[in-house]
Amino acid sequence: MAIQQSEEQATRSGIMALEQAFATVQRCQQDVRSTSDDLASRYGGSDGGKFTSLLVQWDGHVDTVLVNLDRMVDELNGTLKEHGLVRGSSNEAIDAQYSLSTSVFDELNGTNLSAGP
């Protein structure tokens with residue numbers, strides 16, 4: 001059964017909205033990471049440890065949101081593909097940017113396990 005034009009447009013609009021949300025959340029995550037490095041170095045003792053722990057936990061939640069946004073874009077793109085329509089987004093670019101930001105953050109924090117000596 002062919003997808004109606006209104007459904008196709010709604011699907012494409014959904015993809016665009018999810019991509020914008022992904023970019024915004026990712027930008028906020030990068031801003032928090034930048035600020036947190038500065039603030040964590042200023043805190044001392046147990047306050048600094050709790051602050052750092054909170055930010056690590058928050059960052060993990062943001063990663064979950066980003067993964068779920070990416071999956072939703074994949075699903076909507078799959079819907080378009082199933083109906084023989086051209087791919088609806090630049091999902092590969094999102095994946096590449098997400099991987100890059102994660103690896104840069106890990107590298108800066110010394111947690112990149114794939115990095116060489």
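Just so you know, all these numbers are worked out from the coordinates, no wet-lab data involved. Please read these numbers as outputs of a predicted model, since none were measured by experiment. For neighbour counting, all protein chains shown are included, and Cβ atoms are generated from backbone atoms with ideal geometry for every residue, glycine included.
May I ask for the Kirkwood hydrodynamic radius of region 30-80, worked out over all distinct Cα pairs and given in angstroms to one decimal? Walk me through the numbers before you get to the answer.
Working: mean 1/r = 0.0786 Å⁻¹.
Result for region 30-80, one decimal place: 12.7 Å.
Between Gln20 and Leu39, the simple label model (points 7 Å from Cα in the Cβ direction) yields a spacing of 2.8 nm.
For His61 and Ile3, FRET efficiency with R0 = 41 Å and r from the beta-carbon atoms, rounded to 0.05? Calculated value: 0.75.
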